[in-house]
1. Pairs of Cα atoms under 8 Å, at least six residues apart: use those to get the relative contact order of chain B, whole percent.
2. Report D for chain B in µm² per second (integer): Stokes-Einstein, Kirkwood Rh on Cα pairs, 25 °C, 0.890 mPa s.
3. Quick one: angle between helix B:218-243 and the longest Cα principal axis of chain B, in degrees between 0 and 90, rounded to 10, please.
4. Using the Kirkwood formula over every pair of different C-alpha atoms, what hydrodynamic radius in Å results for segment A:288-445?
5. Could you give the C-alpha radius of gyration of the protein assembly as shown expressed as a fraction of 2.2 N^0.38 Å, taking N as the number of residues it contains?
6. Could you let me know the centre-to-centre spacing of segment A:236-254 and segment A:159-180, using Cα atoms, in angstrom?
7. With n ≥ 4 as the cut-off for DSSP H runs, can you work out [θ] at 222 nm for chain A, using -39500 (n - 2.57) per run divided by the number of residues, rounded to the nearest 500?
8. Please work out the Cα center distance from segment A:446-498 to segment B:15-60, rounded to the nearest Å.
């Protein structure tokens, strides 16, 4: 923040003078600047505060009451008397103003060389609730809130170890926000920490706004559609990633934490895979990859096959497909685009509508219009099935941003499929793959462990293995300690009936 | 030109990747037509030809690795410079680059022809070429790591296609292989020479060598790569001989795609259209690796910026692809590249071998 006042000692002054100066010079006549004068035999004390920023309970019980009870008013005695930590002595008007903005109280005893500031901020924060966007069926349901204190509290509660390091940054010129870099000292890679620290230090913006915007400022490639840092609202996912050797960033006023570095496959992992038994977890994880692939390819393949390559459609399917398409007046490309945009409309409307209307509109939009659109002969019902499946599949990605990315890259692929058939599809796939290879997340390869190839990392990426075999952290983060825990001793193999 | 190269550690790659990278560059457009090409010479004994080519390949790669190891941290251009001096070596390097460039163009044109024959007869050559070249430029901009990475990822995304030949395997007939070793050794030998176009690409190691981190494993993985290529080529050839009748095979220009044609899956009636489109993923690593190699070598030899070299080469390739769209030209070019490969790929290492041995002997004495 720019300095607006001369850096010089303001005190001593009259009590009323301090108030008027603060009001006129710092707050530009704010109506909410309150004050109270406490008179005692020999001298008086003024306390100044912003009405809506301080905790009234504390103000009356701990500040005013103590001041009134103190027999002899002096900075030293007040400091001792008030049972609140963080009482500071300030000399400059500007610093006092800043403290008041952070929810402090200024106490000034006439004649003293310094004023006291006592932090008693009133924090309006949502209590932790159930996660909404990344809901889990199984496992911890708590989610982050908008207050960094609560979030840090949750993280510390989940990881009560002295190895948890928290570094503080204040970012933002007009609206400074607290940003914390959180990592496990003995696991996280030095280079990653250094890189992240320097990126946060070099960040010069007016307002960070939210953790998902801060990721966009510090990401490796801001042109890519794929998110490079994972934004999650789940503390358990956040803490699990820290234990994997990743770094976490918490931003004040944001209900989500940022995890870096990440790789492409980690956007399809959920902590729920770990909570369920390994075979279920492995199956579900593979399912998600299949779903992503299907979501990207199904509609384009339909468009390509019906526009150019009729010969690849099996005979049995050709009849029903031809029948359902016989009334459709549009070419397959247009037909598919109309439906895809329609589905996107339903999704967007569903997200924006108030919850009470949302369900009704979902039914009207989804079922009624869907039915009518087929009956009116605008699209074939096979395409409705395909589009619905691919939309559904895109929502299986546990990261909302990745799901959206997948839904959006489908559009250009559909257009290319409509223009050049399978060649267009394969071309766009090849382009995406090359793009992913070139991508980096915090200078770590994005497509690990596929490239750089690390077969041992398969249990941390594509599938999941029983913990008996899967006792290592992901290689791609280059953690300091690769082993999570020693392998349990092998059980003795016994004969059948012994 | 520096003779010893200092490659920064973050640009270096592990030797394991050589296995996939060399293999990926060998597999490409050649193997599609290979069974017919060899069959025309060696008939039912084509597999012997492939075997001979394979053995020759292993000897050559052993020779190349020996030379590279004796010159330590340098590539073919550095080696040529050390042997022939700056001026002559520049000319030789240019010729070498030109050979790779021809290979690039021939792969490009061959793939475009597949597309035009199997999928879109009317799609213009220049347009398909621009699609491929766009991908190549985009990938080569990522440097050596992106070039190597793309070959690895595309290898994983296409290697499953070897399983597609299971259906033809069950339709193979033993009598098509009989009588064994009935053809003259000349025929079998010329069949082996004809295999050359399909197994070229291992020359990449000449340029990639300085980028490898653990040099002691180079020999191991490059031999594995050669072995794997030969096994795949052998597999395709044997299945093609067993599946097609003799007359039939000579008529099929691209036996591999014809074999894909009979595959029927519950959701796809015919697979050849898809496989030709998917072949883009087999071909694109070739083009990317060659594109990287040409532009990097050009930078090494001429001192120009790699970007500019790449742009110029790709622009010329695009122009050539737009105007050369007749099958005959493509055939002639492919034959030329195959023949040039016999010199640059198979003979050149033996010509350089004496110098390497001399250097080693001298090094040991001092």
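1. Values: 498 pairs, mean separation 144.2, N = 366.
Over chain B, the number comes to 39 percent.
2. Values: Rh = 21.1 Å.
D, rounded to a whole number, is 116 µm²/s.
3. Helix B:218-243 sits at roughly 20 degrees to that axis.
4. Details: mean 1/r = 0.0598 Å⁻¹.
The answer is 16.7 Å.
5. Numbers: Rg = 35.0 Å, N = 864, 2.2 N^0.38 = 28.7 Å.
The value comes to 1.22.
6. Each part reduced to its Cα centre gives a spacing of 12 Å.
7. On the way: 16 runs with 202 residues, N = 498.
Dividing the helical sum by the residues of chain A leaves -13000 deg cm²/dmol.
8. Spelled out, the Cα-based centre of one part sits 38 Å from the other.
Any read-out appearing in this document is the output of simple, stated calculations on the displayed coordinates, not a laboratory observation. Here the structure is a predicted model, which is why all the values come from computation and not from measurement. In this analysis, Cβ positions are derived from the backbone assuming ideal geometry, glycine residues included, and neighbour counts consider all displayed protein chains.
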